[in-house]
Amino acid sequence: MASGLQQISGSVDAILFRNNETGYTVLSILPIAEVQSDKRKITVVGRCATVWVGEELTAEGSWIEDPRFGKQFKAESLRCVAPTSAEGIKRFLSSGLIRGIGPVLAEAIVKRFGSDTLHILDHRPDRLREVPGLGAKKCNQIRASWSEQRQSHETMIFLQSQGIGTGMSARIWRRYGTDAIAVVKQNPYRLAEEVRGIGFLTADQIALRMGIEKDSLLRAEAGLLHCLKMAAEEYGHVYLRQSELFLAANEALDIPVERLAEALNADAERGVVTLEEDRVYLAEHFSDEQKIAECLLKLVKTKAKFRPINAEKAVAWAEEKMHLSLASAQWRALVMALENKVSVITGGPGVGKTTIIKALASVYSVRKLRIFLAAPTGRAAKRMAESTGFPAATLHRLLKYQPQTGQFYYNCDQRLPGDVFILDESSMLDAALTKDFLVAVPESAVVVFVGDTDQLPSVGAGNVLADIIASGVVPCTHLTMIFRQDASGMIVKNAHHVNQGEMFELPAPGVESDFYFVEAQDPQKLQALLLKFMLQRIPSKFAFDPLHDIQVLTPMRRGELGTDRLNLLIQQEMNPSGEALWRGGMPFRPNDRVMQISNDYDKDVFNGDIGIIQMVDAENRALVVNFDSRYVEYKADELDELTLAYATSIHKSQGSEYPAVIILMHTQHFKLLRKNLLYTAITRGKKLVVVIGSSKALWIALHAEAVSIRQTTLSERLKRLTAL
């Protein structure tokens, strides 16, 4: 025992609080001599891998006087072991630890076996039949649950000893079960590839702690994959040149280039990377681009099953049906789309893309063809359906993800049952999702890509829409003339001004508009203005609801003006109290607005989906989120899938549209300030846009050099295959 520390022991009476992410626990214990009395309960606070009521606990630490909760024992270390007394064993088994054993049955089992109960469960579970009224089926259930619990307990303790948090340990156990310890000992880098939420850096810390050499081939192989993944996640690159990869890996890992070259060959032999000339791809990225190119060309070359449409007559019919007169550019775009199997329609806000989608769907529907409208995100699909009057779905739901297999139901073997597919917000398509879609589309189908190439590109790797256009293989119409004018139309006008690198056009003082700019250079003043506009001025003047109608957009996640800080500030004003579940310093309360930040196919919720917390159950460590009248439950160890969403990053807002947006632009965001970032933010606002920030930051965004071009080869592949 460390000098100056005291030691106490007792039986765990109750678990008062438990954070499964950090292992932080508040519990009450009964000293060993008092296990049958409630008179001398002691409150203990500390961190431990796992703990159950009835276990015997030894704690080392010191006594403190908490101003709110009184005298407590603050533990530097907590060690739990299975109980040895009959009373402790009974409480242990009654805690809900073992499926099939409640308080009554626990008492009966302990009455029969006494202090030998746990030994019986470990070594002679067949003797459970000696307990009156306990049948074979129940005995088998108890035996299986006990075995699983024991293995889980041992695994959690082992993983915690390797510096792995409780929440991560739980995910590792769910992924590998009884093989978890063997997997971690053999190759901890597998965790980075196979367990959600564990990246290379965490796996690397575990590996080095376990004695894996810094320049080992195992570490070098995993490090190269990590660098390729980072290039995809941070820059959208599909590949890196060998020199770029070796430089990045050498800096990140401090491994000699000779060793990295050896590791690259090993990765290639294992099939996890693909080498082409001097380019290095993650194998799935190489395959994605190949498949996209092959599928697109098959679509272009294969005839449609239905008889050709007289495009000009069809457009004239659509004009009459929709009671409008199309501009010449819209007319040409519609004719082009109707005359080709695959086509692209692109342009900024207000240029008539939605009108064209509606006209196309109307023409094809009157021919009794099977039409599917889709978009990459739920918000974009919902907006597409509302604006066109035709049903629309996300691509994930269109393809029908199957949780049991981890695959889409529709694929190259089971094609989608459709004749026409129109995809909106196509600039958001990354290579992986585009591949999954195209392999499932019948070769006889018509496909129309609609999007805005001036927006931010996809979050995932690839530059699909821009590459398709650049290849020249697919006919494309670029719309430029603005048709939509909402009220004074400042939102649309300023989006196009930004796209041209021009400063905002602002209303005269006192004139009501849908677009405002408020100068603020001090970060604290900017925060104060944000709260004032969101909670007072906008609701008062425009009657927008802060919770449902107003979205704050900012370039970054970190810092004073990042999403993490802003969400807590807004939450403190809008929803400061009530029952909460905490994760990483962030409380989640009923009526909080939250966003799903990763695709969860089992829950059928996807990256960027926004909902409102309906209910928090602190006792059972769970909450329920309402996603557009779909109620989804999250357990405590799943909260890393959610974040508060009063403020969100501009990247995360892609594909969404909000009644009102407040955009923050400050020089703190210097590294991310770009024209397409500001353009994307402005085009998220449907009825009102308020930009708060500094003129200098806006100037930087409008004049900064474009970020590095994404390294992709889709356009090249399309040209090459076309030439064959």
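The values are calculated or read from the model by the stated rules, or taken from the named source; none is laboratory data. Fair warning: this is a prediction, and the values are worked out from it, not measured in the lab. So basically every Cβ, Gly included, is an ideal-geometry build from the backbone, and we count neighbours across all protein chains shown. To get the accessible areas, we keep the full protein, side chains included, count just its heavy atoms, and leave off ligands, DNA and RNA. Shrake-Rupley method; radii C 1.70, N 1.55, O 1.52, S 1.80 Å.
A few notes on this one:
- Filter pass, Leu547 being farther than 30 Å from His396 by Cα, at pLDDT 90 or above and either more than 19 Å from the chain's Cα centre (by Cα) or of a type in the set (A, V, I, L, M) (or both): no
- Residue satisfying all of: in the range 602-631; closer than 25 Å to Tyr409 by Cα and outside any loop (DSSP other than H, G, I, E, B); most open to solvent (accessible area, probe 1.4 Å) among these: Tyr631
- Taking the range 416-451 as the range and being part of a helix (DSSP H, G or I), in contact with a Ser or Thr (Cβ under 7 Å, 6 or more places away or on another chain) and of a type in the set (A, V, I, L, M, F, W, C) as the test, only Met428 passes.
- Glu193 assigned to a helix (DSSP H, G or I) and open to solvent by 60 Å² or more (accessible area, probe 1.4 Å): yes
- Asn494 meets the conditions (1) among the polar types (S, T, N, Q); (2) modelled with pLDDT of 90 or more; (3) touching a Phe, Trp or Tyr at 6+ places or on another chain (Cβ under 7 Å); (4) surrounded by fewer than 23 Cβ atoms within 10 Å (Cβ to Cβ) in every case but one. The failed one is (4).
- Residue identified as part of a strand (DSSP E or B), modelled with pLDDT of 85 or more, surrounded by fewer than 18 Cβ atoms within 10 Å (Cβ to Cβ) and of a type outside the set (D, E, K, R) among Ile29, Ile8: Ile8
Let's see how each residue does on (1) modelled with pLDDT of 95 or more; (2) in contact with a helix residue (DSSP H, G or I) (Cβ under 7 Å, 6 or more places away or on another chain); (3) surrounded by fewer than 15 Cβ atoms within 10 Å (Cβ to Cβ); (4) over 13 Å from Leu642 (Cα atoms):
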position	(1), (2), (3), (4)
Met556	no, yes, no, yes
Leu561	no, yes, no, yes
Leu568	no, no, no, yes
Arg583	no, yes, no, no
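- Contact map, the range 612-635: residues that are more than 19 Å from Trp582 (Cβ to Cβ) paired with residues that are assigned to a loop (DSSP other than H, G, I, E, B), Cβ distance under 7 Å, separation 6+ or inter-chain. Pairs shown: Phe627/Asp609; Val632/Lys603.
- Output for the range 399-415, where each listed residue is in a loop (DSSP other than H, G, I, E, B) and within 26 Å of the chain's Cα centre (by Cα): Lys400, Pro403, Gln404, Thr405, Gly406, Tyr409, Tyr410, Asn411
- Unique residue being in contact (Cβ under 8 Å) with a residue 24 or more places away in the chain and within 19 Å of the chain's Cα centre (by Cα) when the list is Ile212, Ile206, Ile172, Ile181: Ile172
- Residue list for the range 452-471, restricted to those being of a type in the set (S, T, N, Q), touching a helix residue (DSSP H, G or I) at 6+ places or on another chain (Cβ under 7 Å), assigned to a loop (DSSP other than H, G, I, E, B) and open to solvent by 10 Å² or more (accessible area, probe 1.4 Å): Thr453, Gln455
- Residue within the range 249-259 that is closer than 21 Å to Thr434 by Cα and touching a helix residue (DSSP H, G or I) at 6+ places or on another chain (Cβ under 7 Å) present: no
- Odd one out for His478 among (1) under 29 Å from Asn607 (Cβ atoms); (2) part of a loop (DSSP other than H, G, I, E, B); (3) not β-branched (Val, Ile, Thr): (2)
- Within the range 341-387, restricting attention to residues that are within 29 Å of the chain's Cα centre (by Cα) and in a loop (DSSP other than H, G, I, E, B), the residue that is modelled with the highest pLDDT is Pro376.
- Within the range 283-328, considering residues that are modelled with pLDDT of 95 or more and acidic (Asp, Glu), the one farthest from Asp430 (Cα to Cα): Glu294
- Verdict on Arg124 being surrounded by 13 or more Cβ atoms within 10 Å (Cβ to Cβ) and among the basic types (Lys, Arg): no
- Selection status of Phe390, under 29 Å from the mean Cα position of the chain (by Cα) and in a loop (DSSP other than H, G, I, E, B): yes
- Look at (1) free of Cβ contacts under 8 Å to residues at least 24 places away in the same chain; (2) part of a helix (DSSP H, G or I); (3) within 29 Å of the chain's Cα centre (by Cα); (4) surrounded by 13 or more Cβ atoms within 10 Å (Cβ to Cβ) and you find that His226 fails only one, number (1).
- From the options Lys321, Lys358, Lys313, Lys353, residue that is of a type in the set (D, E, K, R) and either over 28 Å from Lys686 (Cβ atoms) or free of Cβ contacts under 8 Å to residues at least 12 places away in the same chain (or both): Lys313
- Single residue of Glu443, Glu512, Glu505 found to be among the charged types (D, E, K, R) and in contact with a His (Cβ under 7 Å, 6 or more places away or on another chain): Glu505
- Identity of the residue in the range 585-599, within 22 Å of Lys382 (Cβ to Cβ) and at pLDDT below 80, that ends up nearest to the chain's Cα centre (by Cα): Ser598
- One residue alone among Val81, Val35 is open to solvent by 70 Å² or more (accessible area, probe 1.4 Å), touching a strand residue (DSSP E or B) at 6+ places or on another chain (Cβ under 7 Å), at pLDDT below 80 and more than 27 Å from Gly585 (Cβ to Cβ), and that residue is Val81.
- Test: residue in the range 393-415 that is acidic (Asp, Glu) and open to solvent by 30 Å² or more (accessible area, probe 1.4 Å): yes
- For the range 92-117, the tally of residues that are open to solvent by 20 Å² or more (accessible area, probe 1.4 Å), under 19 Å from Ser152 (Cβ atoms) and out of contact with any Lys or Arg (no Cβ under 7 Å at 6 or more places or on another chain) stands at 4.
- Under the condition of being open to solvent by 60 Å² or more (accessible area, probe 1.4 Å) and either more than 21 Å from Ala723 (Cβ to Cβ) or touching a helix residue (DSSP H, G or I) at 6+ places or on another chain (Cβ under 9 Å) (or both), the residues counted in the range 263-297 number 8.
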